[in-house]
Amino acid sequence: MYKLKKLESLNIDILKKLGVFKSDKLTIDYDNTIIFNEKEDSKMTYKRNYGYQPGVCTINEENILYIENRNGNSDAKSFQLDTLKRVFDLLDSQKIKKVHNFRADAASYQYDVISFLQSKVDNFYIGCRNSYVENIFPKLASGKK
């Protein structure tokens with residue numbers, strides 16, 4: 001069973017008061033972001049500045065659901081499954097209804113993450129960018145082959 005931490009509990013209580021979980025469909029977005037800083041324990045990020053790189057989950061595009069700190073030189077896909085398990089354990093412990101949609105960037109394109117999400121959400125979208133997609137979609141939109 002998930003042991004709720006005080007700040008997580010407060011955050012969930014606030015989201016409940018705001019009526020966030022009463023929505024017909026719940027959508028979680030996950031991404032890692034960079035908080036640049038000059039603190040002694042910060043690490044060099046892939047953007048070549050020092051900072052932290054927390055994993056952040058929002059719910060229904062407007063509200064922060066979960067934040068988990070990571071050092072700046074953690075790549076986006078490292079330990080992502082562990083973080084997502086903690087997010088969904090938190091929701092389960094608070095008897096939050098099933099999440100309908102999950103969206104993330106290409107760092108979530110991992111077998112273990114996808115397998116986990118299949119049991120937790122109705123739909124998931126994992127975005128990616130590659131030259132094939134970037135070249136083919138403009139052609140399809142214009143009707144060219």
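For the range 73-80, indicate whether the set of residues that are at pLDDT below 90 and in contact with a Lys or Arg (Cβ under 7 Å, 6 or more places away or on another chain) is non-empty.
Checked against the condition, which is being at pLDDT below 90 and in contact with a Lys or Arg (Cβ under 7 Å, 6 or more places away or on another chain), the range 73-80 yields at least one hit.
Please find, within the range 93-104, the residue that is farthest from the chain's Cα centre (by Cα) out of those that are surrounded by 17 or more Cβ atoms within 10 Å (Cβ to Cβ) and not basic (Lys, Arg).
Result: Ile96.
Would you mention how many residues in the range 19-45 are open to solvent by 80 Å² or more (accessible area, probe 1.4 Å) and either touching a helix residue (DSSP H, G or I) at 6+ places or on another chain (Cβ under 9 Å) or under 16 Å from Lys97 (Cα atoms) (or both)?
Looking only at that region, the number is 3.
Output the number of the condition that Glu8 fails; it satisfies all remaining conditions of (1) open to solvent by less than 40 Å² (accessible area, probe 1.4 Å); (2) without any contact (Cβ under 8 Å) to a residue 60 or more places away in the chain; (3) over 21 Å from Tyr125 (Cβ atoms).
Unmet condition: (2).
Looking at Val87, Val133, can you tell me which residue is open to solvent by less than 70 Å² (accessible area, probe 1.4 Å) and at pLDDT 85 or above?
Val87
With (1) exposed (fewer than 14 other Cβ atoms within 10 Å of the Cβ); (2) at positive phi as the list, and Asn60 as the residue in question, which single condition is left unmet?
(1)
Results for (1) surrounded by 15 or more Cβ atoms within 10 Å (Cβ to Cβ); (2) assigned to a loop (DSSP other than H, G, I, E, B); (3) small (Gly, Ala, Ser), shown as yes or no for each residue.
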residue: Lys47; (1), (2), (3): no, yes, no
residue: Tyr66; (1), (2), (3): yes, no, no
residue: Ser74; (1), (2), (3): yes, yes, yes
residue: Leu91; (1), (2), (3): yes, no, no
residue: Val113; (1), (2), (3): yes, no, no
residue: Asn123; (1), (2), (3): no, no, no
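Looking at Asn69, Asn101, which one is more than 26 Å from Asn49 (Cα to Cα) and in contact (Cβ under 8 Å) with a residue 12 or more places away in the chain?
It is Asn101.
The values are calculated or read from the model by the stated rules, or taken from the named source; none is laboratory data. All of these numbers come straight from a predicted model, not from anything done at the bench. In this analysis, Cβ positions are derived from the backbone assuming ideal geometry, glycine residues included, and neighbour counts consider all displayed protein chains. These area figures cover heavy atoms from the full protein model, side chains too; ligands, DNA and RNA do not enter into them. Shrake-Rupley method; radii C 1.70, N 1.55, O 1.52, S 1.80 Å.
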